[in-house]
Amino acid sequence: MRVMVTGGTGFTGSHTVRGFLAAGHSVRLLVRDAAKVRRVFDPFEIGFADQDIVVGDITDEESVKRAMQGCDAVFHGAALVDMRRSMARRILETNRRGVDLVIGGAHRRGLPSIVYVSSISVFFTPGCGPLHPDMPIAPGTTAYARSKAQGELEVRRLQEEGAPIRVSYPTGIVGPHDPGMSDANRAIHSFFRQTGVNTSSGFQIVDVRDLATLHTVLLERPEGPCGYAAAGPMLSWPETYRVLDEITGKRVRRVPIPGPLFRALGSMGDWIKRVHDFSFPLTRDAMEYATRWPGCSAERTTRELGVSFRSAHETYADTLRWMYETGLLEARHVGRIAREGSREISSPEAAS
Ligand SMILES: NC(=O)c1ccc[n+]([C@@H]2O[C@H](COP(=O)([O-])OP(=O)(O)OC[C@H]3O[C@@H](n4cnc5c(N)ncnc54)[C@H](OP(=O)(O)O)[C@@H]3O)[C@@H](O)[C@H]2O)c1
């Protein structure tokens, strides 16, 4: 298939593009910055012809149309992810218009395969049970969470009209080769650079390479509209730190903070952002996820699509190795990983 891709220079999108290419598809990238395409794909010896790159924006109808020309499928992985309060309006407008132009546009053109990256957190409300894609959509409180909820509502509306939209619902996405250090990778980085927090519930991640595999399967296989969770095993916070200790042979620094206190700090973060804005995700929303995460099972994804999700141990080991090799972390942070030297990092196609 020829697939129009948004977000191809981002974390999920770049792994997904590599997965599509490895499966024999061709892609056309809609990007904001053509030079970033080289920065992201040169290390993998992947080059793109001029006609495979359209410089534009998901909020610009003309460039979206140009990028879709001649394509028979669409992957929409672009979104503005930003935790600054001052960006609220822009986040809501960008992500809403992106869904309208890219997903809605693909449907209006009658494309037979449309893949959208949602988030399992669109179903999260404090105190809810285990998350799954058939739950009601929660409204969200931060602009980003609200934008994902609104996107989800629009996608559901189009699916009800019969649009062949296949949705992935990832938990926190972690893995190597992240061009911009997205949120979950940033959290892991901060456990080593600053400190971790031991609190209630736990941290559930999905390996970006397994998510890329799921996207290739969604592109090719299901008939009609559908949605699948993308999640590795749920680990409590103590289990998460135990895995990190095991991988590095060191004790990762963590401070115990009870859930209610952590949530109160999140509320304080929301309040401080009103007067002094910052991008660190110290928000009530983020602290609710961190302390009351009910877990999510991707058993149906594995059973129906044959996509499995690797252990957190493997994901963390490869991620820390990549952070060390790129200088994001030092030998004193990653211990055993630095002493054992480099090892081949598995590619998206090896993850299936
Ligand atoms: N990260 C997570 O833990 C997580 C969890 C659940 C769901 N998700 C969802 O997964 C998707 C990918 O997330 P990610 O973490 O991989 O994000 P990312 O690394 O920040 O990548 C986002 C991509 O979107 C592009 N983009 C942003 N605004 C754009 C615009 N106006 N026009 C065109 N492109 C634009 C960015 O372009 P540039 O390269 O030019 O910046 C980038 O390529 C998003 O839909 C996100 O909501 C993420």
Can you tell me how many residues in the stretch 1-18 are in contact (Cβ under 8 Å) with a residue 60 or more places away in the chain, crowded, with 24+ Cβ neighbours inside 10 Å and not in a loop (DSSP other than H, G, I, E, B)? 10
Cβ-Cβ under 9 Å pairs, at least 6 apart or on other chains, the stretch 292-310 side in a loop (DSSP other than H, G, I, E, B), far side among the basic types (Lys, Arg): Arg310/Arg209
Given (1) loosely packed, with under 15 Cβ neighbours inside 10 Å; (2) in contact (Cβ under 8 Å) with a residue 40 or more places away in the chain; (3) more than 14 Å from the ligand (Cβ to nearest atom), identify the lone condition not met by Ala264. (2)
Condition (residue is at pLDDT 95 or above, crowded, with 18+ Cβ neighbours inside 10 Å and either more than 15 Å from the ligand (Cβ to nearest atom) or farther than 19 Å from Val102 by Cβ (or both)) applied to the stretch 27-39: is it met by at least one residue? no
Positions within the stretch 107-121 being under 26 Å from His132 (Cβ atoms) and either more than 9 Å from the ligand (Cβ to nearest atom) or among the hydrophobic types (A, V, I, L, M, F, W, C) (or both), in sequence order: His107, Ser113, Ile114, Val115, Val117, Ile120
So, of the residues in the stretch 318-332 that are outside any helix (DSSP H, G or I) and not hydroxyl-bearing (Ser, Thr, Tyr), which turns out to be surrounded by the fewest Cβ atoms within 10 Å (Cβ to Cβ)? Gly327
Here's a check for you: in the stretch 40-82, which residue that is among the hydrophobic types (A, V, I, L, M, F, W, C) and over 26 Å from Leu214 (Cβ atoms) is surrounded by the most Cβ atoms within 10 Å (Cβ to Cβ)? Val55
By residue number, the members of the stretch 204-237 that are modelled with pLDDT under 95 and open to solvent by less than 30 Å² (accessible area, probe 1.4 Å) are Pro222, Gly224
For Asp57, state whether it is charged (D, E, K, R), within 16 Å of Gly13 (Cβ to Cβ) and within 9 Å of the ligand (Cβ to nearest atom). yes
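Just give me the residues in the stretch 172-203 being assigned to a strand (DSSP E or B) and open to solvent by less than 10 Å² (accessible area, probe 1.4 Å), in sequence order.
Hits for the stretch 172-203 are Val174, Gly196, Gly202.
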Among the residues of the stretch 1-60, write down those that are under 24 Å from Ile173 (Cα atoms) and hydroxyl-bearing (Ser, Thr, Tyr). Thr6, Thr9, Thr12, Ser14, Thr16
Picking from Gly110, Gly127, which residue would you name as being in a loop (DSSP other than H, G, I, E, B), open to solvent by 50 Å² or more (accessible area, probe 1.4 Å) and modelled with pLDDT under 95? Gly127
Verdict on Pro136 being of a type outside the set (Lys, Arg) and either farther than 22 Å from Pro294 by Cβ or within 15 Å of the ligand (Cβ to nearest atom) (or both): no
Report, by residue number, each residue of the stretch 238-252 that is open to solvent by 20 Å² or more (accessible area, probe 1.4 Å) and in contact with a helix residue (DSSP H, G or I) (Cβ under 8 Å, 6 or more places away or on another chain). Val243, Glu246, Gly249, Lys250, Arg251
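The values are calculated or read from the model by the stated rules, or taken from the named source; none is laboratory data. It should be emphasised that the depicted structure is a prediction, and the values quoted were computed from it without experimental measurement. Using ideal geometry, Cβ is built from the backbone for each residue, glycine included, and neighbour counts are taken over all protein chains shown. Each accessible area value is taken on the protein alone, full model and side chains, heavy atoms only, with ligands, DNA and RNA left out. Shrake-Rupley method; radii C 1.70, N 1.55, O 1.52, S 1.80 Å.
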